[in-house]
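Written below as structure tokens is the structure these notes are about.
The values are calculated or read from the model by the stated rules, or taken from the named source; none is laboratory data. Because the structure is predicted, anything quoted here is derived from the model rather than measured. Reconstructed Cβ throughout: ideal geometry from the backbone, glycine too, with neighbour counts over all protein chains shown.
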Amino acid sequence: MAPKFGTSGLRGLVVELTEELVRDYVTAFLCACPYGDAVHVGRDLRPSSPQIAEWVIAAVRDAGVDAVDCGVVPTPALALSSLEAGAGAVMVTGSHIPADRNGLKFYVPTGEISKEDEVRINAALGGALSGAPGALSTADAGAAYVARYTQAFGREALAGLRVGVYQHSSVARDIMVEVVEALGATALPIARSDTFIPVDTEALDPETKRLFAGWFADHRLDVLISTDGDADRPMVVDDAQQVVPGDVLGAVTARALGARVICTPVSSNTMIEAEGGFAFDAIHRTKIGSPFVIAAMEEALRDNPAARVAGYEANGGFLLGFNADAPAGKLAPLMTRDCLLPILAPLGAARAADKPLSALLDALPPRFTAADRIQGIESEISKTFIASLSSDAAARAAFFADTGDIAEVDETDGLRVTFATGDVVHLRPSGNAPEFRCYAEASTRETASALVESYLAKLGETLSA
């Protein structure tokens, strides 16, 4: 996979992320975007990340800019650190993709880069900056991130819960343990790995899911939590041993914090529009990707600076756009995908209501989502196939014939088809990996899962024919 620069920053095969390429993108970022007085640099636990982080720091300093080495740290913790310092940031991570790939995520002093910033960075490639070498310092970005949640939720927020922490190779594996214990829970660390494991919280493989039942029994768990590799996506398995979809965590978190305006991609669960359970003032649907969610949030805040706006993606990454009231204190805005808030807020809400998390979720409108992917399908092949279905109504009807009559087609991002039954199938090529994703929504969990399984099988047969 040749390195690509887009919604999730720069990503590519490690063997193609050369020092020259990394330095070029970092320098282009410095040429094209504001970065305050310094650039904070963090990294995940991939074997290639320490070397790439060294190249990033060297490029920053060679440009005459001070670098702050934050070491191994969650992406949202790095963003919080740089935001509070009024500085830029670069995170070395490939998120959930395999260890033979890696990448860079860029932040300006106000948060994630925008789509306009991406254009400017690409235009600045090949540029140069010079000056006296920048200084190098270190910072503990994780400490402030932990304090953000321990102070806001308080010592009793999760009192009495036995929380399994699936640690694998997440950069937040120790932070999760520290935070849930500070909030009164008993943390049970599970399956820590010295080898990088590409956990995709949107598409957990069956083998991983089978492990969960044993962990619940062995450790007498009330809930199991985890994140993806760089900790900007949550994973929660409730007391009924069901993986809670990220867009459900997002909706419950937004309600718990008193958000009134929601910005979320077209792929997110439609329960927030259903009667009962939610009463948001406005819901803005976007293309998939945090830059699009952030753009919608910023537009809402321009229209009303006091808007209680929040955003979330189907993967559960949560973005807070207002000063929110948490159980024990205030939460300042953090408009980047975060994993901890959509874990803690639903658990805290269930604990405050003195009910298990599954009971809290069972009271929501009955709309269920599922998602998975086919790997090894190049984006161009996927895009060509989507284009053919989008432009040819007869081909589209034939491909989806097993599910019934098509009531609505949405091409905001990929191809989202709503059937007369109310079921939904959404096909979308990944923008940063050779993957074809399928999302489904239905009135039962079983139907949603069956739709994903069926259409991924059909896609596999069609695209390999």
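Before moving on, here are some points about what is shown:
- When Ile113 is tested against (1) under 16 Å from Leu30 (Cβ atoms); (2) at pLDDT below 95; (3) surrounded by fewer than 16 Cβ atoms within 10 Å (Cβ to Cβ), just one condition goes unmet, and that condition is (3).
- Subset of the stretch 214-242 that is farther than 26 Å from Met91 by Cβ and among the β-branched types (Val, Ile, Thr) - its residue that is surrounded by the fewest Cβ atoms within 10 Å (Cβ to Cβ): Val237
- For beta carbons closer than 7 Å, sequence separation of 6+ or different chains, a first residue in the stretch 216-231 that is acidic (Asp, Glu) and a second that is at pLDDT below 95, the qualifying pairs are Asp228/Ser95; Asp228/His96; Asp228/Val199; Asp228/Asp200; Asp228/Thr201; Asp230/Ser95.
- Boolean, Ala89 is of a type in the set (A, V, I, L, M) and either part of a helix (DSSP H, G or I) or farther than 22 Å from Met176 by Cβ (or both): no
- Answer residue from the stretch 294-348, given it is touching a His at 6+ places or on another chain (Cβ under 9 Å) and not in a strand (DSSP E or B) and is surrounded by the fewest Cβ atoms within 10 Å (Cβ to Cβ) among those: Glu299
- Residue list for the stretch 245-279, restricted to those being over 19 Å from the mean Cα position of the chain (by Cα), part of a loop (DSSP other than H, G, I, E, B) and at pLDDT below 95: Ala274, Glu275, Gly276, Gly277, Phe278, Ala279
- Sole residue being touching a Pro at 6+ places or on another chain (Cβ under 6 Å) and more than 22 Å from Asp238 (Cβ to Cβ), chosen from Glu461, Glu435, Glu411, Glu378: Glu378
- Subset of the stretch 424-445 (residues that are touching a Ser or Thr at 6+ places or on another chain (Cβ under 7 Å) and modelled with pLDDT under 90): Pro429, Ser430, Gly431, Asn432, Pro434, Phe436, Arg437
- Check on Ala420, surrounded by 13 or more Cβ atoms within 10 Å (Cβ to Cβ), small (Gly, Ala, Ser), under 21 Å from Met271 (Cα atoms) and modelled with pLDDT of 95 or more: no
- Pro291 vs. criteria closer than 17 Å to Ala256 by Cα, of a type outside the set (D, E, K, R) and outside any loop (DSSP other than H, G, I, E, B): no
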